[in-house]
DNA sequence: TTGACAACATACCAAGTAGTATGTTCCTAT
DNA sequence: ATAGGAACATACTACTTGGTATGTTGTCAA
């Protein structure tokens with residue numbers, strides 16, 4: 001099948017897409033971010049690119065495929081940012097805090113892509129995908145679940161070490177993710193602002209989440 | 001203007017819409033919940049009603065108006081649930097906990113409506129409304145802000161009393177709301193399940209949030 | 001030089017979609 | 001009884017949208 005769409009189910013993490021594809025992806029992510037998936041037409045994306053539909057359909061078989069690639073590219077970014085932290089050899093609670101910070105930073109710095117990921121998850125929850133989209137979306141969601149499991153595992157370790165305290169692991173994980181993702185909806189860094197402000201926002205969100213999960217210590221590391 | 005659409009800006013909280021309107025609202029909320037606003041056609045709503053477009057356009061001037069009424073009805077439900085708690089005379093932290101519980105319960109029990117509220121907020125954030133929808137949506141958002149301020153006020157009081165501890169009030173409020181709203185996305189009560197399960201989910205979410213905001217005490221009240 | 005193919009643009013189509021214009025039926029106030 | 005309007009259904013239109021079919025141009029290997 002010549003969708004130009006790499007298989008999601010293999011166990012490797014892809015490097016970011018480059019060149020022409022990337023331009024299309026950026027435009028698509030921006031449009032999906034501003035208007036949502038179904039309110040965005042292929043012509044909208046083309047207009048933002050300063051070109052026409054032809055260009056997009058030359059690289060992608062369908063609108064759903066384009067969305068899928070935005071989703072996957074967003075997740076690739078997250079994996080590349082998180083894996084070093086996940087593999088780091090440091091106290092479990094510190095690892096979790098670093099992962100949380102990195103994740104939250106990702107949400108802000110690659111917002112359009114992450115917003116597409118969010119919508120993809122929503123589409124799956126509401127099972128609002130037509131057959132055909134359905135199988136592709138399911139694969140993509142499995143990809144995201146692998147990412148989620150990195151946090152889930154770390155959360156579980158922390159609890160076993162007595163560093164965290166919560167009842168149900170899945171619920172804790174869900175609430176944590178939603179909270180860490182939340183800047184996606186309420187924070188837009190003003191162009192002139194210092195990096196310090198962004199760091200402050202991230203620190204505050206992570207602090208609330210860590211304490212919420214039962215962490216008692218300091219987070220000045 | 002014969003939109004049959006009550007003014008949002010007055011200071012009273014409306015009683016729930018009854019009868020024929022309510023049937024349409026329920027169907028619309030369900031459709032918006034399952035497919036999102038722009039992926040839902042008026043014919044979809046009509047089909048769910050077992051009727052035709054004529055019925056809907058007899059009561060609502062446009063799709064945006066219909067959505068607006070779903071939004072407002074959802075917010076009316078929230079106000080009616082929260083105001084007694086907000087006005088209750090009890091320790092501030094307990095008031096907040098009760099408000100949080102009530103709000104979270106609302107998210108689960110009136111999910112389709114709350115999901116429309118969420119999407120309305122999103123639409124406003126991304127300013128993805130065409131002119132005309134825009135002014136209506138802005139009014140509705142002001143309505144929601146009044147609701148949000150009830151929590152913000154209580155949060156602030158708690159901090160002044162030394163019962164909570166967080167840095168920025170707005171950030172704390174945003175993170176709190178997103179976390180309390182989160183069951184909207186990950187919890188679907190199975191029909192057979194006991195009410196106990198629902199209560200447990202609510203308690204866990206509220207516990208995480210309260211601790212995250214710096215509350216040190218117990219929540220067994 | 002030339003054939004072939006990638007990378008687009010142009011033109012087009014069938015299927016929706018919001019909204020309207022116009023019936024039709026039933027209920028109710030007079 | 002009947003006029004009138006509320007509450008719909010039916011039929012229609014103008015427009016959008018995803019997708020396709022078909023050009024056009026540049027590039028590059030043989």
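Every number here is computed from the coordinates shown, using simple stated rules; none is lab data. Keep in mind that what you see is a predicted model, and the values were worked out from it rather than measured. No Cβ is skipped: glycine too gets one built from the backbone with ideal geometry, and neighbour counts run over all protein chains shown.
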- [ ] Note down the relative contact order for the range B:106-183 as a percent, whole number, built from C-alpha pairs under 8 angstrom at least six residues apart.
- [x] 28 percent
TODO: Calculate, for residue A:142 and residue A:193, the FRET efficiency according to 1/(1 + (r/R0)^6) with r their C-beta to C-beta distance and R0 30 Å; round to the nearest 0.05.
DONE: 0.20
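Only Cα pairs under 8 Å and at least 6 apart count here; give the relative contact order of chain B as a rounded whole percent.
Working: 193 pairs, mean separation 50.7, N = 221.
Relative CO of chain B lands at 23 percent.
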Task: Ordering of B:85-98, A:104-117 by burial proxy (mean other Cβ atoms within 10 Å per residue, highest first) - done: A:104-117, B:85-98
Open item on the list: If I build a Gaussian network model for chain B, linking alpha-carbon pairs within less than 10 angstrom, which residue out of B:121, B:206, B:70 has the largest mean-square fluctuation?
Closed with: B:121
Open item on the list: Test of understanding: extend the Cα→C-beta vector of residue B:34 to 7 Å, then name every residue of the range B:50-83 with backbone N under 15 Å from that spot.
Closed with: B:50-51
Open item on the list: At 7 Å along Cα-to-Cβ for each site, give me the label-to-label distance between residue A:200 and residue B:170 in nm.
Closed with: 1.1 nm
Task: For residue B:217, label point 7 Å along C-beta direction: distances to other copies, nm - done: 2.9
Open item on the list: In Å and on Cα atoms, what radius of gyration and Dmax does the range B:115-219 show?
Closed with: 16.5, 49
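When averaged across all projection directions, what area in nm² does the alpha-carbon convex hull of chain B cover?
13.2 nm²
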Task: Cα-based helix-to-principal-axis angle, A:92-109 vs chain A, degrees rounded to 10 - done: 30 degrees
TODO: With everything on Cα atoms, drop me the angle between helix A:111-125 and the longest principal axis of chain A, reported from 0 to 90° to the nearest 10.
DONE: 90 degrees
Open item on the list: Distances in nm, one decimal, shortest first, from residue A:149 to the same residue in every other copy, taking the label point 7 angstrom along Cα→Cβ.
Closed with: 4.8
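Partner chain Cβ atoms within 10 Å, averaged over the residues of B:178-184 - can you pull that number for me?
Shielding by partners across B:178-184 averages 6.
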Task: Efficiency of FRET from Cβ geometry, residue B:124 and residue A:81, R₀ 51 Å, rounded to 0.05 - done: 0.95
Open item on the list: To confirm my reading of the symmetry, which residue of chain B has the Cβ nearest the axis that brings B onto A, and what whole-Å distance does it have?
Closed with: B:212, 1
TODO: Pick out which of B:120, B:68, B:50 has the largest mean-square fluctuation in a Gaussian network model of chain B, springs linking Cα atoms closer than 10 Å.
DONE: B:50
Open item on the list: Relative contact order for the range A:50-143: what percent, with Cα pairs under 8 Å and sequence separation of 6 or more?
Closed with: 35 percent
- [ ] Only helical DSSP H runs with n ≥ 4 go in: add -39500 (n - 2.57) per run for the protein assembly as shown, normalise by residue count and round the 222 nm mean residue ellipticity to 500 deg cm²/dmol.
- [x] -23000 deg cm²/dmol
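Over all residues in B:205-213, what is the mean tally of Cβ atoms on other chains that come within 10 Å of each residue's Cβ?
Mean partner-chain Cβ count within 10 Å for B:205-213: 6.
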